[in-house]
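J.: Have a look at this one.
The values are calculated or read from the model by the stated rules, or taken from the named source; none is laboratory data. Remember, it's a predicted structure, so these values are computed and weren't measured experimentally. Because the Cβ atoms are built from the backbone with ideal geometry, glycine has one as well, and the counts that use them run over all protein chains shown.
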Number of protein chains: 2
Amino acid sequence: MARTINERADVVPLIAEVFREFGYEGASLSRITEKTGLGKGSLYHFFPGGKEEMATAVLADVDQWFERFVYEPLRQDDPASAVAGMWAAVDGYFRSGGRVCLVGAFALDGTRDMFSDAIDGYFRRWIEALRDALVRHGRGDKAATMDAEEAVFGIQGALVLARALRDPSLFGRALKRLQLRLGV
Amino acid sequence: MARTINERADVVPLIAEVFREFGYEGASLSRITEKTGLGKGSLYHFFPGGKEEMATAVLADVDQWFERFVYEPLRQDDPASAVAGMWAAVDGYFRSGGRVCLVGAFALDGTRDMFSDAIDGYFRRWIEALRDALVRHGRGDKAATMDAEEAVFGIQGALVLARALRDPSLFGRALKRLQLRLGV
DNA sequence: CCGAATTTGTACCAGTCGGTACAAATTATA
DNA sequence: TATAATTTGTACCGACTGGTACAAATTCGG
């Protein structure tokens, strides 16, 4: 019938927003069609696997972003500037606390079992990349692991709390605090 | 038809488990029926307001538990022992990372808007009670607030990460770390 | 400009959702 | 034991769920 300018890649971030806002179960196809402007025909053309494939695509998209702007720099760049870049990237990505972590949200309920590999990989590689940078910066192996874990779960908790209290500014405060703790 | 030993109060924790496991949207009445062994008739007898009233009751139950075993001691008991008691209570309540925070889970998706007062109050009173204890212990006002915030969002983030990585032991490590940070 | 491939809207499906109605069964009161 | 109040199972409701089928519209290759 019609050809719009939408490619699959253009739609993924829109679908991501719906998942972020309502969770996997709450993200109904009707809400997704509403947000994307695509009918079921187009949606199932792009994602023959339906809702599950949409979520997989969204998770892959998120993963790709972090891989490129966070993990890879942590592994390759100068440790100090890579870590500094991480805090900036994270603050930007989560809109200074106004946005929630989709992977963290999926992890909390039964959705996790559907996407456990993607969810596990996202956090594991984040922690490993950060630990790697800390070690290269001179921190001991054990301490670096703990520090990396603390930074990552600190970010997740700050997102939860900022949203629960409807106080995005808490996220910025928390990032500052975590940054100081890391001492890099 | 039948009279079982179930009182409303006995059913609430069971319903809580369903919400914890599947989230608000994913907790269907059929799952709740299955878990509790109660038919719709009984369920709507106890909770005329339906699913929403069940969630309200569950949140009130959680709140009551924390008020009694965490907030109240923090406000009234000797600061050092109350804070120590908090870590023990939290570790026990969340089953050393094997259990998720229902309030945190609700906070992350669209469910928050339905129960924002309960969610907001749970975290706000927790932080305030902890700050209060820290101040009585000699910490300055500003620093105590930051410390309290960090402890609470640290716990939340540790729960997210422990579940995401399927590694409950991470929660214990995190609690230890947060406890040291607090220095009480 | 024509035919093939792609893209899309719409109607429809069975299943499940939360919720209601109500009679039957059980318990409590006397 | 008779009766009133409580508790419960079940059938049913309209709405919505994710998903399928398919023909019409559009775009693209020649």
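J.: If only one of A:141, A:117 is more than 20 Å from residue A:74 (Cα to Cα) and free of Cβ contacts under 8 Å to residues at least 12 places away in the same chain, which one is it?
T.: A:117
J.: Here is a further query. Looking at residue A:37, is it touching a Gly at 6+ places or on another chain (Cβ under 7 Å), within 16 Å of DNA strand C (Cβ to nearest atom) and at positive phi? Spell out the reasoning first.
T.: Details: touching a Gly at 6+ places or on another chain (Cβ under 7 Å): no; within 16 Å of DNA strand C (Cβ to nearest atom): yes; at positive phi: yes.
So residue A:37 fails the test.
J.: Residue by residue through region A:137-156, note down the ones that are more than 11 Å from every other protein chain (Cβ to nearest Cβ) and within 16 Å of the chain's Cα centre (by Cα).
T.: none
J.: Contact list please: Cβ distance under 7 Å, first residue in region A:52-76 and free of Cβ contacts under 8 Å to residues at least 12 places away in the same chain, second residue within 16 Å of DNA strand C (Cβ to nearest atom), pairs at least six apart or on different chains.
T.: So the pair list comes out as A:53/A:47.
J.: Suppose we keep only residues that are away from chain A (no Cβ under 14 Å) and more than 14 Å from residue B:9 (Cα to Cα) within region B:41-65. Which one would you say is nearest to DNA strand C (Cβ to nearest atom)?
T.: B:50
J.: Right, here's the next one. Exactly one of these conditions fails for residue B:11: (1) among the aliphatic types (A, V, I, L, M); (2) within 16 Å of DNA strand D (Cβ to nearest atom); (3) under 24 Å from residue B:160 (Cβ atoms). Give me its number.
T.: The one condition residue B:11 does not meet is (3).
J.: Looking at B:134, B:130, B:175, B:159, which one is crowded, with 20+ Cβ neighbours inside 10 Å and facing chain A (nearest Cβ under 10 Å)?
T.: B:159
J.: Starting from residues that are among the hydrophobic types (A, V, I, L, M, F, W, C) and in contact (Cβ under 8 Å) with a residue 24 or more places away in the chain, keep the ones in region A:162-172 and report whichever is surrounded by the fewest Cβ atoms within 10 Å (Cβ to Cβ).
T.: Restricting to residues being among the hydrophobic types (A, V, I, L, M, F, W, C) and in contact (Cβ under 8 Å) with a residue 24 or more places away in the chain, the top hit is A:170.
J.: Considering only region B:81-110, state which residues are aromatic (Phe, Trp, Tyr) and more than 12 Å from every other protein chain (Cβ to nearest Cβ).
T.: If the condition is that a residue be aromatic (Phe, Trp, Tyr) and more than 12 Å from every other protein chain (Cβ to nearest Cβ), then B:87, B:93, B:94 are the ones that fit.
J.: Which of the residues spanning region B:11-34 are among the charged types (D, E, K, R) and within 13 Å of DNA strand C (Cβ to nearest atom)? I'd like the intermediate steps shown before the answer.
T.: Just the residues of region B:11-34 that are among the charged types (D, E, K, R), to begin with: B:17, B:20-21, B:25, B:31, B:34.
Of everything in region B:11-34, those that are among the charged types (D, E, K, R) and within 13 Å of DNA strand C (Cβ to nearest atom) turn out to be B:25, B:31, B:34.
J.: If you don't mind, another one. Can you find a residue in region A:112-126 that is modelled with pLDDT of 95 or more and away from chain B (no Cβ under 14 Å)? Full working, then the answer.
T.: Taking region A:112-126 as the starting set, the residues that turn out to be modelled with pLDDT of 95 or more are A:112-126.
Still in the running and away from chain B (no Cβ under 14 Å): none.
No: region A:112-126 contains no residue that is modelled with pLDDT of 95 or more and away from chain B (no Cβ under 14 Å).
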